[in-house]
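The values are calculated or read from the model by the stated rules, or taken from the named source; none is laboratory data. Keep in mind that this is a model prediction, so the values were computed, not measured. When we count neighbours, we look across all protein chains shown, and the Cβ atoms used for this are built from the backbone with ideal geometry, even at glycine. Surface areas here come from the heavy atoms of the whole protein model, side chains and all, with no ligands, DNA or RNA. Shrake-Rupley method; radii C 1.70, N 1.55, O 1.52, S 1.80 Å.
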Amino acid sequence: MSQEFARIEKSTTSRFLDKRKLFLVPNMYEPPSISDDGSNLLRKYWRQVQAQITNLESSLGQVQHIYTETITQHGQDGLHQIESSLQQTYPLIKEAHLNGAVIHATENEETLLQLMDLQRLLIFPLASSTITTRLTEWHHENIRQRWEHIANLIAETLHINEVGLLIINEHHQIQFPADIEVIYVSPPALDEYRRWLMAHLAEQRRQAIEAAQSSDLAQSSIDENGTT
């Protein structure tokens with residue numbers, strides 16, 4: 001059962017004795033064109049996450065296992081992968097790793113590569129509805145396999161009285177084993193960043209629509225005038 005961090009603070013810790021505990025941290029999307037305001041909010045979010053995890057560790061135990069989406073390497077190699085590709089999360093994971101936490105190869109590399117390829121293919125409209133349907137079905141099956149792999153990894157490696165840290169997209173569909181207590185880390189900056197991200201993506205869509213409309217008008221003018 002998932003619990004909000006604020007609720008855990010107000011309750012006793014006795015219910016977590018002899019349990020497997022998992023701190024779940026939403027891995028927030030960072031757009032390529034992020035502004036200074038967005039970047040500052042994201043840094044604020046990760047600072048607050050780190051502070052809340054430190055607080056949780058003081059009452060529920062130190063993080064011993066680290067599971068991070070998109071990471072396909074184990075141990076020190078996994079840390080290097082995080083440093084190069086997930087810079088916002090790196091300080092948090094590095095500190096936990098220095099304190100003895102094991103970094104797991106959370107993703108099956110082939111499944112992850114297939115997912116990336118399928119997402120690229122599905123961006124473009126295809127002429128055949130049959131091919132589109134089959135690619136979509138493959139994509140859904142790939143996602144199911146991905147969540148299942150991560151769930152199985154956590155179930156196999158996180159033991160009784162141990163604490164794990166999972167950094168994952170907040171829209172994940174992982175089904176956790178019933179005997180794992182999932183503690184959802186949700187600092188105040190999470191909602192702040194969500195609001196900024198929604199506004200940013202809406203503005204990006206508006207600009208894309210305006211650009212497409214301008215292009216259509218320019219093409220119509222060329223066609224009407226018979227020029228090239």
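Please verify whether LEU112 is hydrophobic (A, V, I, L, M, F, W, C), buried (at least 17 other Cβ atoms within 10 Å of the Cβ) and either touching a residue at least 12 places away in the same chain (Cβ under 8 Å) or part of a loop (DSSP other than H, G, I, E, B) (or both), treating the condition exactly as stated.
Values: hydrophobic (A, V, I, L, M, F, W, C): yes; buried (at least 17 other Cβ atoms within 10 Å of the Cβ): yes; either touching a residue at least 12 places away in the same chain (Cβ under 8 Å) or part of a loop (DSSP other than H, G, I, E, B) (or both): yes.
Here the answer is yes, as LEU112 does meet what is asked.
Consider GLU107 carefully, then state whether it is farther than 21 Å from TYR45 by Cβ and open to solvent by less than 80 Å² (accessible area, probe 1.4 Å).
It is true that GLU107 is farther than 21 Å from TYR45 by Cβ and open to solvent by less than 80 Å² (accessible area, probe 1.4 Å).
Let's see how each residue does on (1) open to solvent by 80 Å² or more (accessible area, probe 1.4 Å); (2) over 16 Å from the mean Cα position of the chain (by Cα):
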{"residue": "HIS149", "(1), (2)": "no, no"}
{"residue": "HIS171", "(1), (2)": "yes, no"}
{"residue": "ILE174", "(1), (2)": "no, no"}
{"residue": "GLU181", "(1), (2)": "no, yes"}
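Would you point out the residue of region 38-49, among those that are under 16 Å from the mean Cα position of the chain (by Cα) and not aliphatic (A, V, I, L, M), that is most open to solvent (accessible area, probe 1.4 Å)?
By that ranking, first place goes to ARG43.
Looking only at region 155-169, count every residue that is under 15 Å from LEU60 (Cβ atoms) and open to solvent by less than 60 Å² (accessible area, probe 1.4 Å) and tell me the total.
6
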